[in-house]
Amino acid sequence: MDLRYLLVLYMIVIVEGAGLACNWGLRSTHPLPPKIVVKLMKDNGIDKVKLFEADPEALKALGNSGIQVMVGIPNDLLAPLASSVGIAEDWVSQNVSSYISTNGVDIRYVAVGNEPFLKTYRDTYLQTTLPALQNIQAALIKAGLGRQVKVTIPLNADVYQTDSSGVPSAGNFRSDIRNLMISIITFLSNNGAPLTINIYPFLSLHADPNFPMDYAFFPTSGSSISSPVVDGPISYTNVFDANFDTLVWALEKNGFASMPIIVGEVGWPTDGDINANNQNARRFNQGLVNRIIQGQGTPKRNSTPPDIYLFSLIDEDAKSIQPGNFERHWGVFNYDGTIKYPLNLGGGNTNQTLTPAKGVRYLARQWCIMAPEASILDPNLPNSINEACTYADCTSLGYGSSCSGLDVRSNASYAFNMYYQTMNQQKGACQFSNLSTITTVDPSQDSCRFEIMIDLGRHEQSTSPSTSSFGIRCNQDSLIAFATLLSIFIICFLS
């Protein structure tokens, strides 16, 4: 799919005083209109937002909203920005200066790249990230915005590590990028800018079957964990604190003991993995919100808690699932701004519940399901499901997910309906080799929700391209595996 149609808009909601924040993504076939999202943010006390790129409609909606903005630059722009300060000046003029002066957007940061030093990128951005950062800073100064708008680089926590002991005090930057990290941090420090780090306790649990479950969450009052990490006089009871303090130790060892740190992304998904569900997400995110509101820091920085950005605001059904099916389910809210689970935004002393999105309009209340007279032995069934899941999000059908307990017929119905809804309930979108039919009876079962999509035609249309007309193209290996599992499921069901 053309990357132009995968505009990513991430909102970061940071809790500072009374304000909150959360990553907001637009990798969606049916994104909520930006004006509704801005209202959703304000209704929930969110006063900071990060856009992974300068999406015009999002920026316009944020104008005069009272929400501070971090504008992101995607990794594919690092090379041209690094090659010429003139290109950087043009970018700042078009994507920062103009929105501040014309639309009243309160832009505070420019995020240069996104996790550019991930090992999976194979050093693609090692030579361009720092020059791009320097050129953007020079462009901001030339535009008269050097004091108002700061630069930063959101980095994955894999840029630092500890030794075999696993204790934070052994932390330092990765040896292969240590010199580059020191140069970047020096530049940020000299310009009064923060270092941004993304931390994911869920991924620690996901990657290691032996990872202690309780260590992934924040302990509640009076609780204890079975195996804390003891580092000298400090006993770490959760991986978030240990991870963050590993970075603090790395900074101290390299002469940056007071470097300001932003936690750019942290959260818990609700589907797509056996550990991704509403219960675990609520447990983690409530613990996170509580400590932010209470101003709780980490053992190494207990008096200066970091700015923390909850990931994320809304689910994204067109996001890449290369890391895992859970990638499309990080939202505190569903794709349409409805609430997934209770979350008290006021902390322990006051009760401030989540407020859902208002003014959302939906397609007709109808679903595409497997026809009652169709046979699960029909040879066209596997290919029909394969086709549906090629262009729609079927991640909730995976092992351990919210719809994994469906029988063969309901499994097919879920796939057919996701395709039907993704294609805007268009005529002909519920025709799968005479295996499907349209119903007005909601086929949802227990935790498995059969969606009805947002009616984009009834909302004010964005001038920005979206993925809604193009559907989703899933990884081919995943589709082959899905079809194979379905065939096995049918054989076992009939035996």
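Descriptive notes on the structure:
- With at most 13 neighbouring Cβ atoms within 10 Å, loop trypsin sites (Lys or Arg not before Pro) (DSSP) excluded, longest segment of the chain: 148-357
- For GluC sites (Glu not before Pro), the sites in the stretch 310-410 that DSSP calls loop and that have at most 13 other Cβ atoms within 10 Å are Glu373.
- Placed amide H near Thr29: partners under 5 Å, 5+ positions off or other chain: Asp317, Ala318
- Residue-by-residue Karplus 3J(HN,Hα) for the stretch 443-452, coefficients 6.51, -1.76, 1.60, Hz, glycine and proline x: x, 4, 9, 6, 7, 8, 9, 8, 6, 10
- Helix 239-253 and the longest principal axis of the Cα set of the chain meet at an angle near 30°.
- Residue-wise HN-Hα coupling along the stretch 232-238, computed from phi with Karplus coefficients 6.51, -1.76, 1.60 (Hz; x: Gly, Pro): x, x, 9, 10, 8, 9, 8
- Calculated log₁₀ intensity ratio I(q)/I(0) where the Debye formula runs over C-alpha points of the stretch 137-237, q = 0.12, 0.21, 0.23 Å⁻¹: -0.60, -1.16, -1.27
- Dimensionless Rg ratio for the stretch 21-67, taking C-alpha atoms and the 2.2 N^0.38 Å reference: 1.05
- Across all directions, the average projected area of the convex hull around the alpha carbons of the chain is 24.1 nm².
- Considering all different alpha carbon pairs of the stretch 74-193, the Kirkwood hydrodynamic radius works out to 15.3 Å.
- The Gln352 and Ser83 beta-carbon pair, evaluated with R₀ = 45 Å, returns a calculated FRET efficiency of approximately 0.40.
- Under 18 Å from Lys142, Cα to Cα: aspartates and glutamates that are on another chain or at least 8 residues apart: Glu89, Asp90
- Plainly put, the stretch 288-357 has a radius of gyration that is 1.06 times its Kirkwood radius, both from alpha-carbon atoms, as the Rg/Rh ratio.
- For the chain, the carbon plus sulfur part of the accessible surface works out to 49%, probe radius 1.4 Å.
- Whole-Hz couplings from phi, Karplus 6.51/-1.76/1.60, listed for the stretch 37-54; x for Gly and Pro: 5, 4, 5, 4, 4, 5, 5, 10, x, 8, 10, 9, 9, 10, 9, 6, 8, 7
- Between amide H atoms placed 1.01 Å from N, distances below 5 Å from Val332 occur with Ser312, Leu313, Ile314, all of them 5 or more places distant or on a separate chain.
- Cut-off under 5 Å, modelled amide H: who pairs with Lys150 long-range: Tyr109, Val110
- 1.4 Å probe accessible area per residue over the chain, in Å²: 42 Å²
The values are calculated or read from the model by the stated rules, or taken from the named source; none is laboratory data. Given the structure is predicted, the values throughout are model-derived calculations rather than measurements. Because the Cβ atoms are built from the backbone with ideal geometry, glycine has one as well, and the counts that use them run over all protein chains shown. To get the accessible areas, we keep the full protein, side chains included, count just its heavy atoms, and leave off ligands, DNA and RNA. Shrake-Rupley method; radii C 1.70, N 1.55, O 1.52, S 1.80 Å.
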